[in-house]
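Engineer: Here's a structure for you.
What follows draws every value from the coordinates through simple rules; no lab data is involved. What you see is a predicted model, and the numbers here were worked out from it, not measured in a lab. All Cβ positions, glycine included, derive from the backbone under ideal geometry; neighbour counts span all protein chains shown.
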């Protein structure tokens, strides 16, 4: 698509905001996808174009995080969950045109409402320290991460929130540790999904590159913040509440009541 020049600074800014939010919580794609669709880009092309920046933000965050003491233990923890998530992502990306967007939107919308209720009514569940465990490779974890991987391959928006919910509420990681595991797994998911969209000519490279530059910067700032700020867990929870609320407004078109 040939877009006006002024969209590219907007892509960079939206990317930076998305990279920051996706790294700390999730659902930052609400900004990038919305902007891509606003330009008149078809939904399928926008969905594919959005994948490059998501991959770049993961790469930047991992490189920023790799020299810390937590990196190797959390990398090891994430390995067992990667396989079902990758399988799910491949199936999700290949089935993206076969399932009604309307049905999927409603399901995710109701899921977001449930998650918002949990975050608000059970705040201590989100502020735990990582639980000691000998084995986290349960069948339930495999099923959950396969499902989230499928959703990530299908549409991506909101996948970070789902990963955090699974890692904190089911796997019992702290919110900060869960964030880094989420980033590592997301990196492995985005590669096959992006390749599938590329193969089907569903990536518009100029907007994708502009978004990627912004998302890389946002991810770097967010990772430094998470590593150096003592109150990072509390701020991540606050951002999570905000992003889930925005997702609910968007998914159910609640903003139309104020226009």
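Engineer: Rounded, prolate or oblate: which one fits the stretch 11-101, using the alpha carbon gyration tensor with axes a ≥ b ≥ c (rounded when a/c is under 1.5, else prolate when a/b beats b/c, else oblate)?
Structural biologist: Note, shape of the stretch 11-101 comes out oblate.
Engineer: While we're on this one: Compute the FRET efficiency between residue 231 and residue 191 as 1/(1 + (r/R0)^6), taking r as their Cβ-Cβ distance and R0 = 35 Å, and round to the nearest 0.05.
Structural biologist: 0.55
Engineer: Could you compute the FRET efficiency for residue 170 and residue 206, with r as their C-beta to C-beta distance and R0 at 41 Å, rounded to 0.05?
Structural biologist: That gives a FRET efficiency of 0.55.
Engineer: Return the distance in nm (one decimal) between the two label points of a simple spin-label model at residue 38 and residue 253, each offset 7 Å from Cα along Cα→Cβ.
Structural biologist: Once both label points are built, they end up 1.9 nm from each other.
Engineer: Along Cα→Cβ, 7 Å out, is where each label goes; now give me the distance between the ones at residue 94 and residue 2 in nm to one decimal.
Structural biologist: Each label point lies 7 Å from its Cα, and together they span 3.8 nm.
Engineer: Can you tell me which of 202-209, 51-58 comes out highest on packing, and rank the rest after it, using the mean Cβ neighbours within 10 Å?
Structural biologist: Most protected by this proxy first, the peptides run 51-58, 202-209.
Engineer: Now for a separate question. Can you compute the modelled spin-label distance between residue 75 and residue 238, with each label point 7 Å from Cα toward Cβ, in nm?
Structural biologist: Taking the two extended label points, one gets 3.3 nm.
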